1. Find all pairs meeting these conditions: Cβ atoms under 7 angstrom apart; at least six residues apart or on different chains; first residue within region 160-177 and on the phi > 0 side of the Ramachandran plot; second residue not small (Gly, Ala, Ser).
2. When you scan region 8-27, do you find a residue that is more than 15 Å from the chain's Cα centre (by Cα), of a type outside the set (A, V, I, L, M, F, W, C), within 22 Å of residue 96 (Cα to Cα) and in a loop (DSSP other than H, G, I, E, B), even just one?
3. When the residues of region 81-99 are narrowed to those that are open to solvent by 60 Å² or more (accessible area, probe 1.4 Å) and within 18 Å of residue 44 (Cβ to Cβ), which ends up farthest from the chain's Cα centre (by Cα)?
4. The conditions are (1) modelled with pLDDT under 70; (2) surrounded by 21 or more Cβ atoms within 10 Å (Cβ to Cβ), and residue 43 fails exactly one of them. Which is it?
5. What about residue 12, is it at pLDDT below 90 and open to solvent by less than 60 Å² (accessible area, probe 1.4 Å)?
Amino acid sequence: MRENRRWTYKGVTYATLNIQGSCNNLCDVFPDSNEFAARNAADIAWMLDTFAEAIKPIQRRSCSSRRPIPAFDATDSTRGPVRDPLTLAETDGLPDGFESFLVALRDQVVAFKKPVAYVHGDSHYFRVDKPFLNAAGQRLENFTRVETFGDNQATVPTTVNWLKVFVDPRSREVFSYQQQIVPGNRVAVPAP
């Protein structure tokens, strides 16, 4: 797919994936199950190829960057349907456009055993965490979700800020993050 890209720089592999918000175009306002099936299969194949590419040279690590993603677990129902962290299925019984991708991603993260940063927008509520569990319920410490700042329509004033990402292939975690707060967009008391 045209939206999917991959490159390697200084031993770190980066990739973008065309995954849509709102149930990955499988449900929501104007669902398109044919488009979803073709794009989802292409996204999963691209992600699998990215991990295969990332393990070729020794010490190479992967960072996947893409668009919205659903919840990884049942801890936050404020930004979308929650899912069972062991099966990765939504708990509401409605169509789920993300489950097959998440299961494939989890399998790759488990096998990869090196740092993976997953960058997305979704609700644009800034957070950096480790929400992924394996099928036995153990935290995948090599996986970090980075949800970026963005214009969340429910937030007034705006929360548009940006994030600086540092990549050091020699460090244990490889990726580190630094919030960049735009002074004119402050929504809280400034730090001292």
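The values are calculated or read from the model by the stated rules, or taken from the named source; none is laboratory data. Keep in mind that this is a model prediction, so the values were computed, not measured. Neighbour counts run over all protein chains shown; Cβ positions are idealised from the backbone, glycine included. Heavy atoms of the whole protein, side chains included, go into the accessibility calculation; ligands, DNA and RNA do not. Shrake-Rupley method; radii C 1.70, N 1.55, O 1.52, S 1.80 Å.
1. The qualifying pairs are 174/12; 174/61; 174/115; 174/167; 174/168.
2. yes
3. 95
4. Answer for residue 43: the failing condition is (1).
5. Here the answer is no, as residue 12 does not meet what is asked.
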